[in-house]
1. Assign unit charges at the C-beta atoms only (+1 for Lys and Arg, -1 for Asp and Glu), then state the dipole size of the chain relative to its Cα centre in Debye, rounded to the nearest 20.
2. Send over a whole-number figure in Å² for the accessible area per residue of the stretch 9-102, probe 1.4 Å.
3. Rounded if a/c is under 1.5, else prolate if a/b is larger than b/c, else oblate: which is the stretch 1-119, with a ≥ b ≥ c the root eigenvalues of its Cα gyration tensor?
4. Quickly estimate the mean residue ellipticity at 222 nm for the chain, helices only: each DSSP H run with n ≥ 4 gives -39500 (n - 2.57), and the total goes over all residues, rounded to 500.
5. Below 8 Å between Cα atoms, with a sequence gap of 6+, how large is the relative contact order for the stretch 40-152 in percent?
6. Could you tell me which of rounded, prolate or oblate describes the stretch 53-168, using a ≥ b ≥ c as the square roots of the eigenvalues of the alpha-carbon gyration tensor, with rounded for a/c under 1.5 and, failing that, prolate when a/b is larger than b/c and oblate otherwise?
7. When only alpha-carbon atoms are used, what values of Rg and Dmax, in angstrom, describe the stretch 1-50?
8. If packing is taken as the average count of other Cβ atoms within 10 Å, what order do 77-84, 39-46 fall into, highest mean first?
Amino acid sequence: ILAACACFAVLDTGAKHLGSLIPVAVVLWGRYAFQAVAMGLWLAPARRRVLLRTAHSRFQVVRGLLLLAVSGLGFWGLQLMPVAEFTAVVMLTPVLVSALAVVVLHEPMTPLRAALVAGGLTGALIVVRPGSGLFGWAALLPAAAALCYAAFQLLTRRLAGVEHPLTTHFYTGLVGTLAATAALPVLGAAPWVTLAAQGPPAWGLLLLVGLLGTVGHLLLILSMGNAPVPLLLPFT
């Protein structure tokens, strides 16, 4: 979980910089296209092809759309807010997930875990400074992302016990790529034209964003298959 968070920290900073060069829709598309292609190639050999089958296709689609919503709200919000303040609002997610995990997943909330969650909430409030006038309507973007991310985390934990991690990871990238590709014409974004105009530095940064998103979320799935949510999320 710590390695996943390290990936996400660099991912957010890279996405913020890249979003100042090219449309956010192209950044979003590139991030998911990398994951879909990378995981598709990894699962293509005959010995791994069985992992392309899923017994819970509806949940895989919902999970993929939830993460796409989180990424979209995140990449957009990062263009409007400083990275630290944006992340502090999104980090209210552990509080939501830890509370919901007790109700939805029936996972125990020990006093120590409750203290860790309270400490995380306190840290987020120190950065956000409610009432400081620092935020306007843009603060709604990370708040919405936190809600979507909480639902995503719970679904990740539920699928971790019934699907292979690589299967879940592949469908997350596939659903995100299909949805982002469908949105490109609506948003007036053309990836190839945009990237051709920017040159190799933008290509390299987009590949880095895709790599970090792919590795980070695979680590997240693996961690949630091995420990309860209330125990993991305070470490974020």
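1. 520 debye
2. So the stretch 9-102 comes to 44 Å² accessible per residue, rounded to a whole number.
3. Judged from the Cα gyration tensor, the stretch 1-119 comes out oblate (a/c at least 1.5, b/c at or above a/b).
4. After summing the helix terms and dividing by the residues of the chain, the value is -25000 deg cm²/dmol.
5. 43 percent
6. It comes out oblate by the Cα gyration axes.
7. Radius of gyration, then largest Cα-Cα span, for the stretch 1-50: 14.3, 42 Å.
8. Ranking, from highest mean packing down: 77-84, 39-46.
The values are calculated or read from the model by the stated rules, or taken from the named source; none is laboratory data. The structure displayed is predicted, hence computed values, not measured ones. FYI the Cβ positions are ideal-geometry reconstructions off the backbone, even for glycines, and counts take in every protein chain you see. Calculation scope for accessible area: heavy atoms of the full protein, side chains included, ligands and nucleic acids excluded. Shrake-Rupley method; radii C 1.70, N 1.55, O 1.52, S 1.80 Å.
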